[in-house]
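Computed from the coordinates by the stated procedures, all read-outs in this text should not be read as laboratory data. Fair warning: this is a prediction, and the values are worked out from it, not measured in the lab. So basically every Cβ, Gly included, is an ideal-geometry build from the backbone, and we count neighbours across all protein chains shown.
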Amino acid sequence: MEINIRALRAGDTEKILVSWLEFCRSAARSDMRLKPDSARVLRNWLHSRLREPVSIGFVAEQDGVCVGFLIGRIDEWESTPPVLEPRRMGIIDAVYVDEHLRRAGIGARLVQHALEVMREHNAVAVETIYDAWSDASAALWREAGFAPWMVHAYRTL
């Protein structure tokens, strides 16, 4: 299986949109509902985000077909409240691999590629969020060298 990692292009956004919305449907908790116009909102957000100079995006493709993606950014980060010196951070917003190709190392390759690019752009650290209930997701991030720092806990009422 030959997988190519390349920079995201404008023509990739529709595949990303469909995949990301499908993920949102499957990951949503009982108190979360997609907006009726979620496809339009996500499409606008993707187009806007990808025009930002701090954004990065990569696609994993097999035989010219997008089978996964990573979207992130590299920017100066300031703490809230602003008591820490600003620092250059990488943020990985989303990693997705088509379900039938998961656990084949594609997500790991996307993450490693992003880490290399972030290092080249002088990021001093990288952060992300992932589904704590997904053993596969936790393993991906642990194997990439990530460890929990501040835990974002959630409770429905």
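Observations on the model:
- Unit charges on C-beta of K, R, D, E only; dipole of the chain, Debye: 340 debye
- Ranking of SER48, SER19 by count of other Cβ atoms within 10 Å, fewest first: SER48, SER19
- Antiparallel DSSP beta bridges within the chain, as percent of all bridges there, nearest 5: 85 percent
- Cα gyration tensor shape for segment 75-157, rounded if a/c is under 1.5, else prolate or oblate: oblate
- Order of LYS35, LYS15 under a 10 Å beta carbon neighbour criterion, fewest first: LYS35, LYS15
- Per-residue ellipticity at 222 nm computed for the chain from its helices equals -10500 deg cm²/dmol, with DSSP H segments shorter than 4 residues left out and the rest contributing -39,500 (n - 2.57).
- Averaging the sequence gap over all C-alpha pairs within less than 8 Å and six or more residues apart, then dividing by the number of residues, gives the chain a relative contact order of 20 percent.
- PHE146, PHE69, PHE58, PHE23 arranged by Cβ crowding within 10 Å, fewest neighbours leading: PHE23, PHE146, PHE58, PHE69
- Pairwise FRET efficiency - LEU84 versus CYS24, Cβ, R0 = 35 Å, nearest 0.05: 0.65
- R0 of 25 Å, Cβ-Cβ distance ASP31-GLU99: FRET efficiency to nearest 0.05: 0.55
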